[in-house]
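Would you mind keeping the following structure in view while I ask a few things?
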Amino acid sequence: FLGHINRPLAAVIGGWQLAGLWRWTSGLPYGVDNGRAWPTSWNNQGFATQIGPVPTPRTTRNAPAVAGPGGPNIWPDPAAALAAYAQTLPGQAGQRNGVRGDGYFDVDTGISKRFIMPYNEKHSIQFRWETFNVGNNVRFYLGSSDIANQEYLTLSRSAVFGKYSAQLTDPRVMQFSLRYEF
C-alpha cells in the first residue's frame, strides 16, 4: 500500500506501529462472612450458611441498599440476597466461595512511529501514544472494604450488604512520549 510514494511523504505516513493488549478473566470467588461469630473455634470466624436461593449476582450501578443510601452492588436486590444467608451455628462450617464477583476486563492500545533524522541516520525521534483501559470499563472488587477495614459482604454489616467500595480496574489513562535517540 502506497509503495511508490516519495520519501518525505513516506517519512510521515509510513512505518506506524500499532500494539494492543486484551485481558479478560472470570469472576473472582468470594464467601459471605459469618458476621463476627465464631461457630467452630475462637480463631476461625467462618462463613455464613446459605438457607435459601441466592439471587444471581449481577453488578448493579445504583442498587437500593438494605438501609441507607444505595450505590453499586453485586445484587440488584441486596435485601433478597441477605435473606438467603444465616449465621453458622456451632459445629457447622458454612459455605465457602459461594459468590462470584466481577471479572477483570481491560483493553490497552499503543501507537508509535520512529522518524529518522535527515542529517544522520543514527539519530531518530520516536513518538508514542499509549492508552490504558481504552473503553473506560468499570469492574468492581467484591472484597472491597470501608475505612474501618470491615468487609461489605458480611452479615454483621447488613445495611450495606453486597455494596462495592473499590474497583478492580483503573479509569482510562493516556500517556504520550517523545524520545530522541542517538
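Connecting C-alpha atoms closer than 10 Å in a GNM of the chain, tell me which of PHE105, PHE140, PHE115 has the biggest fluctuation.
Among PHE105, PHE140, PHE115, the largest mean-square fluctuation in the Gaussian network model of the chain belongs to PHE115.
Give me the net charge for the shell around ARG139: Cβ to Cβ below 15 angstrom, other residues only, Lys and Arg +1, Asp and Glu -1.
+1
Leaving ligands, DNA and RNA out of it, rank MET174, MET117 by accessible area with a 1.4 Å probe, largest first.
The ranking, largest first, comes out as MET174, MET117.
Counting Lys and Arg as +1 and Asp and Glu as -1, what is the net charge of the other residues whose Cβ lies under 15 Å from the Cβ of ASP170?
Summing Lys and Arg as +1 and Asp and Glu as -1 gives -1.
Of PHE47, PHE161, which has the most accessible area with a 1.4 Å probe, and how do the rest follow in descending order?
PHE47, PHE161
Sequence-distant or interchain residues sharing an amide H contact under 5 Å with GLY71, placed H: which?
Amide H neighbours of GLY71, under 5 Å, 5+ apart: ALA63, ALA65.
Using Cα-Cα distances under 8 Å and only pairs 6 or more residues apart, what relative contact order does the chain have, in percent?
Relative contact order comes out at 26 percent.
Scan region 62-148 for trypsin sites (Lys or Arg not before Pro) in coil per DSSP, keeping those whose Cβ has at most 14 other Cβ atoms within 10 Å, and list them by number.
Those that pass, being in a loop and sparsely packed, are ARG96, LYS122.
Keeping all protein chains in place, calculate the accessible area per residue for region 79-181 (probe 1.4 angstrom), answer in Å². Display every interim value, and only then the final one.
Values: 5950 Å² over 103 residues.
Spelled out: the 1.4 Å probe surface of region 79-181, per residue, equals 58 Å².
Let me ask something else about it. What residue among SER158, SER112, SER124 shows peak mean-square fluctuation when the chain is described by a Gaussian network model with Cα springs under 10 Å?
Judging by the Gaussian network model, the answer is SER124.
Ignoring ligands, DNA and RNA, please state the percent of accessible area on the chain from carbon and sulfur, probe 1.4 Å.
57 percent
Taking the Cβ of GLY14 as the centre, find all other residues whose Cβ is under 15 Å away and add up their charges (Lys, Arg: +1; Asp, Glu: -1).
+3
The values are calculated or read from the model by the stated rules, or taken from the named source; none is laboratory data. Nothing here was measured: the structure is a model prediction, and the numbers come from that model. Neighbour counts run over all protein chains shown; Cβ positions are idealised from the backbone, glycine included. Surface accessibility is based on the protein's heavy atoms, side chains included, excluding ligands, DNA and RNA. Shrake-Rupley method; radii C 1.70, N 1.55, O 1.52, S 1.80 Å.
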